[in-house]
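The values are calculated or read from the model by the stated rules, or taken from the named source; none is laboratory data. This structure is a prediction, so every number in the text was calculated from the model and none was measured. Cβ: placed from backbone, ideal geometry, glycine included. Neighbour counts: every protein chain shown. Protein only, heavy atoms only, side chains kept; ligands, DNA and RNA dropped before computing areas. Shrake-Rupley method; radii C 1.70, N 1.55, O 1.52, S 1.80 Å.
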Amino acid sequence: MLVTSPSDLAAICARLAKHPFVTVDTEFLRETTFWPKLCVIQLASPDEAVAIDALAPGMDLAPFFDLMTNPAVIKVFHAARQDVEIVWHLSERIPAPLFDSQVAAMVLGYGDSISYDQLVQRTNGTMLDKTSRFTDWSKRPLSEAQITYAIADVTHLRDIYVKLTAELEKRGRAEWVAEEMGVLTSPETYRQEPERAWERFRNRVRKPRELAVLMDVAAWREREAQARDVPRSRVLKDDSLIDVAMTGPKTVEALGAMRSIPKGWERSRDGIAIVEAVQSGLARDPKSLPAIDKHRPPSHAQSATVELLKVLLKMVAEKHHVAAKVVATSDDLDKIAENDEADVGALKGWRRELFGENALAIKHGKLALAIDRGRVVTVERDTA
């Protein structure tokens with residue numbers, strides 16, 4: 001069923017709101033824009049499934065946004081971040097309560113960042129037809145094949161949700177997933193603030209002067225990309241952005257002398273604006289700048305500790321049938337090796353209980369790793 005009128009959408013959302021959960025997916029385009037262009041929304045309850053033409057003339061998505069924030073209905077997504085970002089951008093509302101089947105699958109040991117079609121195959125043995133995945137979802141009319149493909153993404157998700165929630169309850173891990181939903185339902189995850197655009201490159205600069213320029217030039221690029229609704233690289237490529245930050249050209253002539261800047265571009269409106277941003281950055285008070293993360297090569301002891309923690313992580317993941325990636329990241333291991341009080345997920349909540357405490361015990365020699373009948377095990381050490 002394809003919904004093309006606001007009245008039909010309102011009626012359908014009213015029916016869906018009577019169920020304890022709905023499955024949700026979207027089809028969108030983003031190759032040539034900064035903001036995702038929403039084209040189709042798919043929704044399903046245990047009783048029905050529909051595709052909504054978000055580009056239909058006069059379409060009012062308010063009932064959909066109301067459903068997304070209805071506290072009595074769980075919204076089920078797979079790999080929810082991009083879909084949630086779309087809802088946030090269009091309505092400044094976050095779908096909640098939220099269930100992400102990819103996160104749940106990781107918690108249950110289905111693998112790191114498992115794809116939707118792989119999860120469908122693993123849970124019910126069905127091979128999905130993905131021939132319509134890369135079609136132009138903005139072109140009208142939508143074909144029957146596109147509609148069928150789109151709706152299949154939410155009908156199979158119903159079965160996945162039922163299976164995964166049953167497994168989570170059986171294994172006592174429902175709270176693990178609920179804890180993970182905190183990041184996905186935080187507005188901070190989706191705010192694209194130009195003043196924070198520099199943070200994506202914080203490890204690429206080493207001097208306060210470079211950081212000051214980076215902050216202003218990255219903020220300018222972010223504002224321009226958002227205002228023009230084009231990808232950031234259409235305004236200024238990442239490598240050129242870093243070159244400008246490290247070189248700090250104060251004049252259009254200096255900007256034009258850079259190899260990463262196309263000849264003549266320095267005298268364009270954008271080139272002049274970049275020089276102004278550089279000058280603004282250089283005028284910043286060095287005392288007001290954030291601290292620069294100084295890269296220090298790990299000591300031999302830290303490197304050895306990280307290697308032991310990697311073995312422990314693999315052992316824990318296999319023993320408890322949980323994806324290693326959801327327990328701890330490589331960055332987590334590096335920080336734990338350096339600092340017992342590191343502000344990382346692996347030392348909080350269920351992760352600390354599952355992995356973090358043993359990680360600290362191994363670091364301080366209270367636990368050892370050994371091989372028992374071909375498997376890695378932990379052994380308590382007498383440190384008295």
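Do the conditions hold for D129, that is, is it open to solvent by 80 Å² or more (accessible area, probe 1.4 Å) and at pLDDT below 95? Yes: the conditions hold for D129. Scanning the stretch 122-147 for residues that are in a helix (DSSP H, G or I) and farther than 16 Å from T4 by Cα yields R122, T123, N124, A145. Put simply, of T33, T23 the only residue that is hydroxyl-bearing (S, T, Y) and under 21 Å from F99 (Cβ atoms) is T23. Inside the stretch 1-43, residues that are in contact with a helix residue (DSSP H, G or I) (Cβ under 7 Å, 6 or more places away or on another chain) and over 16 Å from A54 (Cα atoms) make up a count of 6. For the stretch 75-131, filtering for residues that are among the hydrophobic types (A, V, I, L, M, F, W, C) and on the phi > 0 side of the Ramachandran plot leaves 1. In summary, E307 fulfils each of the numbered conditions (1) touching a residue at least 12 places away in the same chain (Cβ under 8 Å); (2) not assigned by the TED database to the domain that holds L214 with the single exception of condition (1). When D159 is tested against (1) buried (at least 17 other Cβ atoms within 10 Å of the Cβ); (2) touching a helix residue (DSSP H, G or I) at 6+ places or on another chain (Cβ under 7 Å); (3) farther than 19 Å from M246 by Cβ, only condition (1) is not met.
Among the residues of this structure, Y149 counts as one that is of a type outside the set (A, V, I, L, M), surrounded by 20 or more Cβ atoms within 10 Å (Cβ to Cβ) and farther than 25 Å from R351 by Cβ.
Across the stretch 184-213, the qualifying residues are those that are in a loop (DSSP other than H, G, I, E, B), out of contact with any strand residue (DSSP E or B) (no Cβ under 8 Å at 6 or more places or on another chain) and touching a residue at least 40 places away in the same chain (Cβ under 8 Å), and the one among them that is surrounded by the most Cβ atoms within 10 Å (Cβ to Cβ) is V205.
Might you let me know whether the stretch 166-178 holds any residue that is over 28 Å from K348 (Cβ atoms), of a type in the set (G, A, S) and either open to solvent by less than 50 Å² (accessible area, probe 1.4 Å) or assigned to a loop (DSSP other than H, G, I, E, B) (or both)? Within the stretch 166-178 (the criterion being over 28 Å from K348 (Cβ atoms), of a type in the set (G, A, S) and either open to solvent by less than 50 Å² (accessible area, probe 1.4 Å) or assigned to a loop (DSSP other than H, G, I, E, B) (or both)), the answer is no, since none of the residues qualifies. Highlighted here are the helices (runs of 4 or more DSSP H) found entirely within the stretch 319-384 that include at least 2 residues which are open to solvent by 40 Å² or more (accessible area, probe 1.4 Å) and over 26 Å from P297 (Cβ atoms): 357-363.
Condition check ((1) surrounded by 15 or more Cβ atoms within 10 Å (Cβ to Cβ); (2) of a type in the set (S, T, N, Q)) across all residues:
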| position | (1), (2) |
| --- | --- |
| M215 | yes, no |
| R221 | yes, no |
| E224 | yes, no |
| D229 | no, no |
| L241 | yes, no |
| A245 | yes, no |
| P249 | yes, no |
| S260 | no, yes |
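Evaluated against (1) in contact with a strand residue (DSSP E or B) (Cβ under 9 Å, 6 or more places away or on another chain); (2) within 29 Å of S115 (Cβ to Cβ); (3) buried (at least 16 other Cβ atoms within 10 Å of the Cβ), L308 falls short on exactly one condition, (2).
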